[in-house]
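The values are calculated or read from the model by the stated rules, or taken from the named source; none is laboratory data. Since the model is a prediction, treat every value here as computed from it, not as a measurement. Quick reminder, even Gly has a Cβ in these numbers, built from the backbone with ideal geometry, and neighbours come from all protein chains shown. Protein only, heavy atoms only, side chains kept; ligands, DNA and RNA dropped before computing areas. Shrake-Rupley method; radii C 1.70, N 1.55, O 1.52, S 1.80 Å.
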Amino acid sequence: AKLRAQMRTELSKLHLRLGTTFIYVTHDQTEAMTMGDRIVVMKDGLVQQVDKPQALYSHPCNMFVAGFIGSPQMNFIDVTIEQEGGQFFAVFGDYKIALPESKNKDGKLQAYIGREVVLGIRPENVHDEPEYLEQFKDSIIKATVEVTEMMGAETFLYLNCEGSSFTARVATTSTANANDVIDVALEPEKIFLFDKDTEQTICD
C-alpha cells in the first residue's frame, strides 16, 4: 500500500515533467481523484460521466458515479418526497428532512411528490457536533451507533436509523460509542436526490 501511494506521486511528477497525455486505468477512486485532470467513469463497458475530479464529486450524473467517487462512499437512503405549502420534505420512518429551495430548481421535485426516491449524503456531511446540530435543526435524526472506527485525524461512525445503515465522518472529539443512540444532522445543502428507477441524479 505504501509503495502504491509512492507510485501515485512519482507518476504525477512524471506527467508534469513530460507534459504529455497519460491514460491511466484504475479501479481505485483515490488514484483517479488524485492523479487525473479528467476522469472517465465507466460501468459495464459504458461511459457514465467524463469530468474533472471535483466536478464528479460535487455533481455526479447518477448513483453509480456518486457512490464510486468519495471515501467512505456516499450513503443512500430510500425516502418519499412530500410537499407542505411551498416546502418539500424527504420522509423516511418518523423523520421529515426539510429540503432547501435549491433542490427544486426548475420545479424538478414536482414530478416526484408522493414517490419514493433515493437520498444521498456523503459521510463528511453527517454531523454529531453540537454546533451543527444547532445549525441544522430541521434535518436531525436519531441513530444507533453500531461501530466506531478511530482513524487518527477523524472518526467514522457506522450508524443505523429506521433500518437504514449509513456512515458519518466526524471529528475525533466525538464521544459516540457502540450502542449509543445519538442525534446527527444531515447538511441540507449537501443532500443529493436520485430517481429510484433510472438512478439518474434529480438534484445535487
Using a probe radius of 1.4 Å on heavy atoms only, what accessible surface per residue do you get for the stretch 68-123? Whole Å² is fine. 46 Å²
Whole-Å distance, taken between Cα centres, linking the stretch 141-192 and the stretch 88-131: 18 Å
Counting only residues 5 or more places away or on other chains, whose amide H sits under 5 Å from the amide H of Ile202 once H atoms are built in the peptide plane? Leu193, Phe194, Asp195
Which whole-Hz couplings ³J(HN,Hα) result when phi for each residue of the stretch 186-191 is put into the Karplus expression 6.51 cos²θ - 1.76 cosθ + 1.60, θ = phi - 60°, listed in order with x for Gly and Pro? 8, 6, x, 5, 9, 6
With the dipole of the chain defined by +1 on each Lys or Arg Cβ and -1 on each Asp or Glu Cβ, the option from Thr30, Met150, Leu133 whose Cα lies farthest towards the positive pole is Thr30
Run through the DSSP bridge list for the stretch 81-172 and note the antiparallel percent, rounded to the nearest 5. 95 percent
Any chance you could run the full-extension gain for Lys43 through Glu101? It's 0.36 nm times the residue separation minus the Cα-Cα distance, nm to one decimal. 17.6 nm
Can you bin the stretch 25-88 into rounded, prolate or oblate? Criterion: square roots of the alpha carbon gyration tensor eigenvalues sorted a ≥ b ≥ c, rounded for a/c under 1.5, prolate for a/b above b/c, oblate for the rest. prolate
Calc'd 3J(HN,Hα), the stretch 44-55, phi into Karplus 6.51 cos²θ - 1.76 cosθ + 1.60 (θ = phi - 60°), Hz, glycine/Pro = x, comes to 6, x, 10, 6, 8, 6, 10, 6, 6, x, 5, 5
Classify the stretch 91-204 from the C-alpha gyration tensor, please: rounded if a/c falls under 1.5, else prolate or oblate depending on whether a/b exceeds b/c. prolate
Any of Lys2/Lys142; Lys105/Lys142; Lys52/Lys105; Lys13/Lys190; Lys2/Lys137 with alpha carbons more than 31 Å apart? Name them for me. Lys2/Lys142; Lys13/Lys190; Lys2/Lys137
Could you tell me what percent of the accessible area of the stretch 39-133 is made up of carbon and sulfur, with a 1.4 Å probe and every protein chain present? 49 percent
If each residue of separation counts as 0.36 nm, what is the full-extension length gain between Gln83 and Asn179 once their alpha-carbon separation is subtracted? 31.1 nm
Spelling out what I want: for every residue of the stretch 97-103, take phi, set θ = phi - 60°, compute 6.51 cos²θ - 1.76 cosθ + 1.60 (Karplus), and round to whole Hz; glycine and proline get x. 8, 5, 9, x, 4, 4, 7
Taking the structure as given and computing Rg and Dmax of the Cα atoms in Å, which label from [x] 17.8, 57; [y] 19.2, 71; [z] 18.8, 59 fits? [z]
If I fit a long axis through the Cα atoms of helix 2-18 and take the longest principal axis of the Cα atoms of the chain, what angle between them do I get, 0 to 90°, rounded to 10? 60 degrees
